[in-house]
Amino acid sequence: MAMQYPQPAMERPGRRGTNLPRVAGYNQVLVLDLIRRSPGTSRSELVQRTGLTPQTLSNICQRLVTAGLIRESGRVRSGMGAPRIVYEVVPTGRYSIGLHIDPASLSLVLLDLTGDDVHALTVPTPQAPGPEHVLELVDEQVRALLEEAAVPHEEVAGLGVATPGPLDVEHGSVVGPPLLPGWGTVELREEIARRQRLPVVVEKDSTAAAIGEIWRTPRDAENLAFLYLGSGVSAGIVLDGQPLRGAGNAAGRLSHLGNIGHLTADPDGPPCECGGRGCVAVSSLPSRIVGTAVEQGALEKGTELDDARSVEAALSRLAERSEHRGDPVARKILEDAARGFARVGMQLANLLDLDSIVFGGPQWPAFEAACLRIAPSLVNEHYVAKNDHAVDVRGTAIGGHVGAVGAASLAMAETMFDAPGQLYLG
Ligand SMILES: [Zn+2]
């Protein structure tokens, strides 16, 4: 018999809702997130930062204390007034799980309420066509994750899934992801919720990575593009601290946001079916780069270019040759790729007035050295508003789990009070 479990509400209003229960849930997430980011925050500081009335704020803090999510961490006296209560989150107050399905590997993290990784696992993605083997392995890995961390299932608020698109956001389904053979339409949210008995949220991998990056970055609202280098290359975009989801966020449509396949990586590159030249899709996909390396003798033949794991292994051999063995052909191939990624980053920065370009994703380690040598100066050289501000070009601060961390943080925020709203990330 099916067990009862809470259904996540997946509506994602473009702006904050107006009905009171939703606002209440939103405010609680907001206050909790501010305390998480700045432990030792006082109530009066929270009033200032949220614009809520002292009474409302006090009620929210009381509710969060009662729920075991925050606690008083002391009282500080400043000036003449009464000592002010300061708060911190209770790390063990709630947990969330992040799962990142990449065609080459599955990565899982368990986050506590402070946002720290309690435990993480990575396993190769089963190569058998269709989703069944992947879903079975996810069951096994979620069990292992909780067992190894000694966290009971009932303390987990929810599970977030980062997945390659296209996504049907309304149904939490992936629809024929090109790099996951035999998947067709898979109702991931429903299927994983049923198997795990948890509320589940599904997000595009690149957007999840962008969310993970700002969840962990102790800065104010950022405007960033996360250039996600996986089996494909895509961009997750955050403006004013809010992830962009695009027209595909509407009911009945597929989300294609972050498809940068037809931005120009190399103006002198090969022609593309879109009519352009040197698009990311024909110049900068990891499998294309490996193909070029094989043609030019920087890698031995035998890599299966349509096999994500084989491409990943080949890229790390290419990076080894470039960075540790001084192979000039390997080095040029990776630096050309880095110039392509920089050019894409520059187009996004010019279009969206970004302050940061962040690189990451499963294939990032192979490109890291070349990209960090080339992209920061190249992006800034061609950035149109360089006299106003520079663009910070960097690698992810989180590393290989960034997509899973973003998915877990989303699950935490959207399922914590069973009243999801726009995740406040500023
Ligand atoms: Zn094109």
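The values are calculated or read from the model by the stated rules, or taken from the named source; none is laboratory data. Just so you know, these numbers come straight off a predicted model, no measurement behind them. Glycine also receives a Cβ, built like all others from the backbone with ideal geometry; neighbour counts cover every protein chain displayed. All accessible areas refer to the heavy atoms of the entire protein, side chains included, with ligands and DNA or RNA removed. Shrake-Rupley method; radii C 1.70, N 1.55, O 1.52, S 1.80 Å.
Annotations
- Here the condition is being small (Gly, Ala, Ser) and touching a strand residue (DSSP E or B) at 6+ places or on another chain (Cβ under 6 Å); of 411, 369, it holds for 411 alone.
- Against the test of being within 20 Å of the chain's Cα centre (by Cα) and open to solvent by 30 Å² or more (accessible area, probe 1.4 Å), the options 124, 103 yield a single qualifying residue, 124.
- Residue match in the stretch 241-250 (condition: away from the ligand (no atom under 16 Å from the Cβ), over 24 Å from residue 368 (Cα atoms) and more than 20 Å from the chain's Cα centre (by Cα)): yes
Results for (1) among the hydrophobic types (A, V, I, L, M, F, W, C); (2) closer than 26 Å to residue 161 by Cα; (3) in contact with a Phe, Trp or Tyr (Cβ under 9 Å, 6 or more places away or on another chain), shown as yes or no for each residue.
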{"residue": "75", "(1), (2), (3)": "no, no, no"}
{"residue": "84", "(1), (2), (3)": "no, no, no"}
{"residue": "99", "(1), (2), (3)": "yes, yes, no"}
{"residue": "125", "(1), (2), (3)": "no, yes, no"}
{"residue": "128", "(1), (2), (3)": "yes, yes, no"}
{"residue": "131", "(1), (2), (3)": "no, yes, yes"}
{"residue": "135", "(1), (2), (3)": "yes, yes, no"}
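- Residues in the stretch 262-279 that are within 9 Å of the ligand (Cβ to nearest atom), under 22 Å from residue 230 (Cβ atoms) and open to solvent by less than 60 Å² (accessible area, probe 1.4 Å): 263, 264, 272, 278, 279.
- Count of the stretch 290-314 residues which are open to solvent by less than 30 Å² (accessible area, probe 1.4 Å) and either within 12 Å of the ligand (Cβ to nearest atom) or among the aliphatic types (A, V, I, L, M) (or both): 7
- Condition met for residue 185 (buried (at least 22 other Cβ atoms within 10 Å of the Cβ) and not assigned by TED's automatic domain parsing to the domain that holds residue 364): no
- Only one of the listed residues (325, 317, 343, 331) is open to solvent by 60 Å² or more (accessible area, probe 1.4 Å) and under 16 Å from residue 227 (Cβ atoms). That residue is 343.
- Across the stretch 369-382, the number of residues qualifying as open to solvent by less than 60 Å² (accessible area, probe 1.4 Å) and either touching a Lys or Arg at 6+ places or on another chain (Cβ under 9 Å) or at pLDDT below 90 (or both) comes to 7.
- Qualifying residues in the stretch 203-224 (those that are within 21 Å of residue 246 (Cβ to Cβ) and over 11 Å from the mean Cα position of the chain (by Cα)) - the one surrounded by the most Cβ atoms within 10 Å (Cβ to Cβ): 224
- Contact annotation: no residue pair with Cβ atoms under 8 Å, 6 or more positions apart or on different chains, pairs a residue in the stretch 71-95 that is closer than 15 Å to residue 44 by Cβ with a partner that is open to solvent by 80 Å² or more (accessible area, probe 1.4 Å) and of a type in the set (Gly, Ala, Ser).
- Checked against the criterion of being assigned to a loop (DSSP other than H, G, I, E, B), within 14 Å of the ligand (Cβ to nearest atom), without any contact (Cβ under 8 Å) to a residue 60 or more places away in the chain and more than 19 Å from the chain's Cα centre (by Cα), the stretch 280-289 contains one or more residues that satisfy it.
- Taken over the stretch 374-411, the residue count meeting the criterion of being of a type in the set (D, E, K, R) and in a loop (DSSP other than H, G, I, E, B) is 2.
- Count of the stretch 333-362 residues which are small (Gly, Ala, Ser), within 24 Å of residue 387 (Cβ to Cβ) and touching a residue at least 60 places away in the same chain (Cβ under 8 Å): 3
- Only one entry of 21, 8 meets the criterion of being in contact with a helix residue (DSSP H, G or I) (Cβ under 6 Å, 6 or more places away or on another chain) and modelled with pLDDT under 60, and that entry is 8.
- Residue match in the stretch 245-255 (condition: open to solvent by 10 Å² or more (accessible area, probe 1.4 Å) and closer than 21 Å to residue 96 by Cβ): yes
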